[in-house]
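Data first, discussion second: the structure below is written as structure tokens.
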Amino acid sequence: MSAQNQRVGVFVDAQNMYHSAKNLYHARANFKKILEASVGERQLIRAFAYVIKTESGEEKAFFEALEKSGYEIKEKDLQIFPGGMKKADWDVGMAIDAIILADKIDVAVLVTGDGDFVPLVEYLKVNKGLKVEVFSFERSTSARLKESVDVFSDLGSDHKKFLIY
């Protein structure tokens, strides 16, 4: 199958990418360029960005920019537990969406460095016959995740393209 005929689904762990870019490079991830690079000459079926909403709502402009860049936004409220612990986790939602979309795509692109996605990668490859690619910052990506995918692309290898300073 030529690259142009490949149907692609993109699943972006926005929190993971945001914190990796901030902590490793003191910059912001350029989600528009990441989407362009992850799809390439292929056919985009759907692109999801999984985001966390805070009480202050300060991320509203960020969410709008993601939508303008071609993403469908999936929002979840930040959970704050008694004692102050905060939890913001989209792993299960991302995995379910990838499994639901699996019959309509040839390639699943995960934009995350989180090793918790290894079982999803294995399922998509073995049970659904998909090619699975990961785009993330190598320095914050699980070694097991890199080993499990068909293609790993290091966003840190091209700072000017994938980061906004």
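Throughout, read-outs are computed from the coordinates displayed, never taken from laboratory work. Predicted, not measured: the structure shown is a model, and the values here were computed from it.
Taking Cα atoms, how many degrees apart are the long axis of helix 14-25 and the longest axis of the chain, rounded to 10 and kept between 0 and 90?
Approximately 80 degrees, to the nearest 10.
For Cα pairs less than 8 Å apart in space and 6+ apart in sequence, what is the mean separation divided by the residue count of the range 33-165, i.e. the relative contact order in percent? Provide the component values of the computation, followed by the final result.
Values: 167 pairs, mean separation 24.5, N = 133.
RCO, the range 33-165: 18 percent.
Show that you can apply the helix-only estimate: for the chain, add -39,500 (n - 2.57) for every DSSP H stretch of four or more residues, divide by all residues, and state [θ] at 222 nm to the nearest 500.
Result for the chain: -10000 deg cm²/dmol, rounded to the nearest 500.
Three principal axis extents, largest first, for the C-alpha atoms of the range 31-165, in Å?
Largest first, the range 31-165 extends 42, 33, 30 Å along its Cα principal axes.
Using a Cα-Cα cut-off of under 17 Å, which aspartates and glutamates could be cross-linked to Lys87, ignoring same-chain neighbours fewer than 8 residues away?
Asp13, Glu55, Glu59, Glu75, Asp77, Asp114, Asp116
Can you tell me which of Asp114, Asp13, Asp103 moves the most in a GNM of the chain? Springs connect C-alpha atoms under 10 Å apart.
Maximum fluctuation in the GNM of the chain, among the listed residues, is at Asp103.
For the range 34-86, just the Cα set please: Rg and Dmax, both in angstrom.
Using the Cα atoms of the range 34-86, the pair Rg, Dmax is 14.5, 49 Å.
Averaging over all projection directions, find the projected area of the Cα convex hull of the range 85-165 and quote it in nm² with one decimal place. The partial results should precede the final answer.
Details: hull surface 26.1 nm².
The Cα convex hull of the range 85-165, projected and averaged over all directions, gives 6.5 nm².
Just to be sure I understand: with springs between alpha-carbon atoms less than 10 Å apart, which residue in Ala88, Ala47, Ala102 has the highest mean-square fluctuation in the Gaussian network model of the chain?
Of Ala88, Ala47, Ala102, the most mobile in the Gaussian network model is Ala88.
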